[in-house]
Amino acid sequence: MEKLTTLHLSEMCQEYRRQQELPATEALSFDDRLGMMVDAEWLARYNKKLKRLIKEADLRDSNACLEDVDYDPRRKLDKALVARLSDGMWIREHRNMLITGATGTGKSFLASAFGNMACRLGLRVRSFRITRLLTNLMVGRGDGSYSRLLDEMKKPDLLILDDFGLSPLSPTACRDLLEVVDDRYDRASLLITAQLPVSGWHGIFEDATIADAVLDRLVHNAYRFELDGPTRRMVLCDRGAGDRQN
């Protein structure tokens, strides 16, 4: 047990101690007992890594998961497509995802659920409100951190940019967004949420040439979800009222 602790195999040590104190384990084979020890160590390390990845991801909703997605027909959410994308292969293939819909239709929840899924697969995720990211890059131009910030945007396997298109993008913001998108093109995945349908994204850019360049890199290899239906906040409120009445 001392050597297991020295080797930083504390969960194996704890499981071994538990087995020593439990007479029933004497009936198990050596392979079974060793397997239980290895499982305990693996699970502890997996949970520790998952906790770190989720904290680093900084998801809008850290509790969101694909298992809790509501497939109300009014949302027009393709259940089969969600299931097909739940294995994360689209991230490993460096494809993008675009989620659009009116305010309150659950775009950020769905994006966070896919981010949570990626973390559970051991992939690195980062999430930003796009206005905050562009502000950080603008400040970075002045304080010398611009290149470092761009390098950080290259590292995650999945980069989530939330609330795209809430306001027009200035020429400087257009160039900054192009830098982020171009650095990740065919190298890593982007997930973008927006209220405007993709057909209206071109008008957000004040520089039409950069708009063409950004959208060409984003759209052609992207999976799309176009959410509909009533605001989720109202639906959840109605359900809560119903539960209280019951």
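Which members of the range 136-153 meet the condition of being under 21 Å from the mean Cα position of the chain (by Cα) and exposed (fewer than 14 other Cβ atoms within 10 Å of the Cβ)?
Listed by number, the residues that qualify are Asp151, Glu152.
Please count how many residues of the range 198-218 are surrounded by 14 or more Cβ atoms within 10 Å (Cβ to Cβ) and either without any contact (Cβ under 8 Å) to a residue 12 or more places away in the chain or more than 16 Å from Ile160 (Cβ to Cβ) (or both).
12
Show the residue pairs that are 6+ apart or on different chains and have beta-carbon atoms under 7 Å apart, the first residue being within the range 33-61 and touching a residue at least 40 places away in the same chain (Cβ under 8 Å), the second being among the β-branched types (Val, Ile, Thr).
Leu53/Val125; Ala57/Val125
Of everything in the range 62-82 that's of a type in the set (Gly, Ala, Ser) and either surrounded by 11 or more Cβ atoms within 10 Å (Cβ to Cβ) or under 19 Å from Asp157 (Cβ atoms) (or both), which residue is modelled with the highest pLDDT?
Ala64
Which count do you get for residues in the range 11-29 that are surrounded by 10 or more Cβ atoms within 10 Å (Cβ to Cβ), without any contact (Cβ under 8 Å) to a residue 24 or more places away in the chain and not in a loop (DSSP other than H, G, I, E, B)?
7
Does at least one position in the range 38-51 carry a residue that is over 30 Å from Leu191 (Cα atoms), surrounded by 15 or more Cβ atoms within 10 Å (Cβ to Cβ) and either of a type outside the set (Lys, Arg) or modelled with pLDDT of 95 or more (or both)?
Yes; the residues of the range 38-51 include at least one that is over 30 Å from Leu191 (Cα atoms), surrounded by 15 or more Cβ atoms within 10 Å (Cβ to Cβ) and either of a type outside the set (Lys, Arg) or modelled with pLDDT of 95 or more (or both).
Take Leu59 and decide whether it is at pLDDT 95 or above, in a loop (DSSP other than H, G, I, E, B) and hydrophobic (A, V, I, L, M, F, W, C).
In short, yes.
The values are calculated or read from the model by the stated rules, or taken from the named source; none is laboratory data. Since the model is a prediction, treat every value here as computed from it, not as a measurement. Cβ: placed from backbone, ideal geometry, glycine included. Neighbour counts: every protein chain shown.
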